[in-house]
Amino acid sequence: MNIDPSLTWIVIPTYNRCHDLVECLHSVQTLQGGPFPLLIVDNASTDQTITEIQANFPNAKIIRLNENKGAAQAANIGFEYALQHGAKHILRLDSDTIVAPDFLIELLCEAGKDPQVGILTGKIFYYDEPTKIWSLGAFQKKLDLGAIEFARGKQDGPQFDHPQNVDFAWATGMLLAKSVLEATGGFDPSFFVYYEEADLCYRAREHGFLIRSIPKAKMWHKIGQSSRNSWIASQWARSKMIYFRKHSHGLHKILLVGYAYFYAIIHAIKQTKQGGNRGPFISALKGLNQGLIHPLQ
């Protein structure tokens, strides 16, 4: 398959992740079929991100925002710029990832087979445990709209080598077709951080697009889910509530709103060490309240 690299852009939103971003970009430079146009959208970082990128990656385009607009909005700004400059596909990467040399080629080859496939993801491993799978995409739970990760935490093996359609791909590393971005408008900026890709995938499927997992496309992620503080707790809960409200109706919505508060209380009582409220209960409660009154788009 002949691939014109000028038609596939790589967009990486970042905020104060200089060291991780530099390591990510070194792996991006090894991508087969390139060089691909590279765009860094910096959310007003206060570390050495800008100077390091300018010094070591002079071909990277940088959009410097004057304030932290959040992961979703920063990505959208990058998407808009790439589309205006001819992008047919956009690889959205987290700045704390490493990609295999054939990662993007594998996704692009699959993308060329079926125009109905609007979003693709690969096999994402834990950075610190490079043969343990973090995600191969996920399926949606019907009741609480959550994600079922069928491969998370499992050692890689031939049983995880089969491409398949999934319900969710994570913004950690997702290839987006121009058509799906035009149909959905990209990420909903209501999600400052967290749940923005789940929301996008949900809306993409409503527009008739398929989401496909391609295990041959491999990457590694420095997982941040163990981080727990007031800000994370508030933002996680806020985004969860917005997501519940957007994608439920009637009695289901009432049940999900109640479930969100019940879940927060139970995990506060249990003092869950992983997942749960992702920080202090009061911060999570404030986030839920903010998400409950946030205008929906």
If we ask which residues in region 61-88 are over 11 Å from Val11 (Cβ atoms) and buried (at least 18 other Cβ atoms within 10 Å of the Cβ), their number turns out to be 5
Please go through region 234-259 and give me each residue that is aliphatic (A, V, I, L, M), closer than 14 Å to Asn289 by Cβ and either surrounded by fewer than 21 Cβ atoms within 10 Å (Cβ to Cβ) or at pLDDT below 95 (or both), ordered by number.
Val257
Out of Lys246, Lys286, Lys240, Lys270, report the one residue that is touching a helix residue (DSSP H, G or I) at 6+ places or on another chain (Cβ under 7 Å), outside the structural domain of Ala147 (by TED's automatic domain parsing), of a type in the set (D, E, K, R) and more than 20 Å from Phe187 (Cα to Cα).
Lys286
Can you run down the residue pairs with Cβ atoms below 7 Å, 6 or more apart or on separate chains, where the first is in region 273-293 and hydrophobic (A, V, I, L, M, F, W, C) and the partner is surrounded by fewer than 19 Cβ atoms within 10 Å (Cβ to Cβ)?
Phe281/Ala268; Leu288/Tyr261; Leu292/Val257
Could you say whether any residue in region 162-172 is in the same structural domain as Thr14 (by TED's automatic domain parsing), under 25 Å from Ala72 (Cβ atoms), assigned to a loop (DSSP other than H, G, I, E, B) and touching a residue at least 60 places away in the same chain (Cβ under 8 Å)?
yes
Cβ-Cβ under 7 Å, sequence separation 6+ or interchain: first residue in region 40-64 and closer than 18 Å to Asp96 by Cβ, partner modelled with pLDDT of 95 or more and of a type in the set (Phe, Trp, Tyr). Which pairs?
Asn43/Tyr15; Ser45/Tyr15
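The values are calculated or read from the model by the stated rules, or taken from the named source; none is laboratory data. All values reported here derive from a predicted model rather than from experimental measurement. All Cβ positions, even for glycine, are placed from backbone atoms using ideal geometry, and neighbour counts span all protein chains on display.
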